[in-house]
Amino acid sequence: MKKLLAMLLALCMVFALCACGQTAAPAADPAPAQTDAAPAQTDAAPAQTDAAPAAEPVNITLWTYPIGGWGNADTVDALIAAFEDANPGITGTGEYLDYTNGDDQVNTALEGGSAPDLIMERPERLVAIWGAKGYMVDLSDMWDATDKAEVNAACVAACFTADGACYEYPLVMTAHCMAINYDAFVAAGADKYVDIDSHTWTTEDFIAAVDALYAYYKEPVGDVYCSGQGGDQGTRALVNNLYGGTFTNAEHTAYTADSPDNIKALELLQSMDGIYFNAAENGGEEITAFRQGILKMAFCWNIAQQLNSDNNDAELTNDGEKIVFMSFPSETGESKLQGGIWGFGVFDNGEAAKIDAAKTFIKYFADGEGTPDAVKAANYFAVRDTAEGIDLTGIWADNAIMNEYTKLMPYLGDYYQVTSGWATARTEWWNMLQRIGGGGDVATEVAEFCTNANAAAAG
């Protein structure tokens with residue numbers, strides 16, 4: 001007990017000495033320090049809560065006219081599925097238009113504020129109509145110098161307006177042409193006037209061939225059809241190419257079919273025994289007569305017709321005669337073919353997220369990993385040779401007919417269908433051909449055409 005008391009007394013003396021030597025502020029109590037640590041851990045949780053939430057999924061709707069497989073639900077569903085896999089967070093829905101009621105459906109949707117996000121069609125509608133009316137998103141920010149260098153020049157020009165806005169991003173193209181019954185040409189000795197390797201011929205060759213065919217068959221062999229606007233690209237191309245005329249000016253502001261070159265071409269056709277003007281037929285009916293062997297050449301032709309196998313194998317008439325596609329005759333042999341261009345446009349519905357998603361869709365299919373499948377689905381020809389490093393030049397190497405038809409692509413000419421007043425001009429064209437076929441003075445009738453068409457363009 002005495003020892004314990006002595007030890008306690010000693011300890012008290014030690015503490016007293018330490019207290020006398022300590023001049024600094026007393027050390028903070030360690031307990032509050034440990035207590036303050038908890039709020040620091042607690043504050044970390046809100047930091048996680050404030051992190052940016054995952055982007056909401058975006059669904060975009062595509063409306064498409066019947067452009068090859070792009071008019072087929074199974075094909076489009078497969079294409080969209082591939083896009084969705086490559087672009088998580090974006091889903092797509094396809095809906096389908098036809099050329100009978102499609103324009104009315106789109107216009108009704110635009111007026112009602114329910115337009116789709118994307119549409120697939122040609123510049124006649126996307127650029128010249130809906131773009132001109134302010135319904136479309138300007139896609140010029142999707143193009144750089146490389147894109148413009150890679151895409152066919154005629155396609156670039158067709159998709160941009162004069163002030164630099166772009167309302168269509170092109171995917172595929174084709175060139176409209178004519179066709180001949182090669183077996184009939186051989187029988188008449190007219191095969192020497194055509195080069196079936198290059199698919200070209202001159203105006204002089206054309207005149208000689210028609211004369212030889214008429215002498216052999218004793219009836220007209222070519223039909224300038226003009227019952228309506230169906231297939232009118234063929235008659236325009238025939239007239240414009242014979243002597244180098246144009247249908248519009250380069251700026252697409254005026255119709256120029258009254259040029260001396262076009263008058264000369266129409267006077268030639270009017271005078272030829274082997275060519276007649278048929279006010280009872282349109283382009284589709286001319287094709288039928290050609291397949292039946294009644295006509296020996298068709299001015300309304302394209303790759304779809306060359307591949308057609310409804311009544312016989314592709315590249316054969318109903319009776320099994322060989323069909324050879326040809327460019328239109330010209331003085332030099334190098335023609336300027338009217339083409340078809342199909343691509344994507346974006347309606348400006350005021351939703352930035354959907355517009356961005358639509359541009360992603362376009363990039364994937366028109367200039368990205370999805371381009372080969374998109375082109376093959378359309379069953380036409382890519383507007384560019386390369387898509388983000390993917391070589392597209394051999395895309396049809398396994399299809400002999402498609403591969404041969406690519407020889408016409410360098411002849412794709414000015415895409416004048418974007419000229420104002422286009423609908424009126426088409427109607428005036430076939431009315432003019434009917435009057436010429438009935439014996440009307442060519443210069444007079446062409447002048448009337450231009451007066452009416454240019455009035456529509458100005459209005």
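Straightening the chain between Ala423 and Tyr99 buys 115.2 nm, computed as 0.36 nm per residue apart minus the Cα-Cα spacing. One chain, two ends: Ala153 and Asn399. Fully extended at 0.36 nm per residue, the span grows by 86.0 nm beyond their Cα-Cα distance. Remark: for residue pairs Lys133/Lys407; Lys192/Lys407; Lys218/Lys322; Lys322/Lys376; Lys148/Lys407; Lys133/Lys264, the C-alpha separation exceeds 29 Å in Lys133/Lys407; Lys133/Lys264. Calculated mean residue ellipticity, 222 nm, the chain: -13000 deg cm²/dmol, from DSSP H runs (n ≥ 4) at -39500 (n - 2.57) each, averaged per residue and rounded to 500.
Over segment 81-240, the Kirkwood radius and the radius of gyration, each from Cα atoms, give a ratio Rg/Rh of 1.11.
In whole percent, what relative contact order does the chain give with Cα contacts below 8 Å and a gap of six or more residues? Worked out over the chain, it gives 21 percent.
So which GluC sites (Glu not before Pro) in segment 297-377 pass both tests, a DSSP loop state and at most 14 other Cβ atoms within 10 Å of the Cβ?
Glu331, Glu334, Glu351
For the chain, the longest principal axis of the alpha carbon atoms and the long axis of helix 30-49 meet at an angle near 10°. Between segment 168-194 and segment 262-309, what is the C-alpha centre distance in whole Å? With segment 168-194 and segment 262-309 each reduced to a Cα centre, they are spaced 12 Å.
A value for Cα extents along the principal axes in Å was derived from the coordinates, and within the list (1) 151, 48, 36; (2) 66, 56, 37; (3) 73, 45, 37 it appears as (1). In percent, rounded to a whole number, the relative contact order of segment 341-459 is 16, using alpha-carbon pairs under 8 Å and six or more apart. Each residue of segment 398-407 is assigned a 3J(HN,Hα), and the resulting list reads 8, 10, 4, 5, 4, 5, 5, 5, 4, 4 Hz, derived from the Karplus form 6.51 cos²θ - 1.76 cosθ + 1.60 (θ = phi - 60°), x at Gly and Pro. Overall, the anisotropy analysis places segment 273-338 in the oblate class: the square-rooted eigenvalues a ≥ b ≥ c of its C-alpha gyration tensor yield a/c not less than 1.5, with a/b not exceeding b/c.
Loop only per DSSP, at most 15 neighbouring Cβ atoms within 10 Å: give me the chymotrypsin sites (Phe, Trp or Tyr not before Pro) in segment 71-128, ordered by residue number.
Counting only loop positions with at most 15 other Cβ atoms within 10 Å, the chymotrypsin sites (Phe, Trp or Tyr not before Pro) in segment 71-128 are Tyr99.
Net length available on complete extension from Asp144 to Thr332 is 64.2 nm, with 0.36 nm assigned per residue and the Cα-Cα distance removed.
The label point for Asp319 and the one for Tyr276, both projected 7 Å from the Cα toward the Cβ, are 1.8 nm apart.
Values in this text are rule-based calculations from the coordinates and carry no lab data. Source: prediction; values computed, not measured. Heads up, the Cβs are rebuilt from the backbone with ideal geometry, glycines too, and the neighbour counts pull from every protein chain shown.
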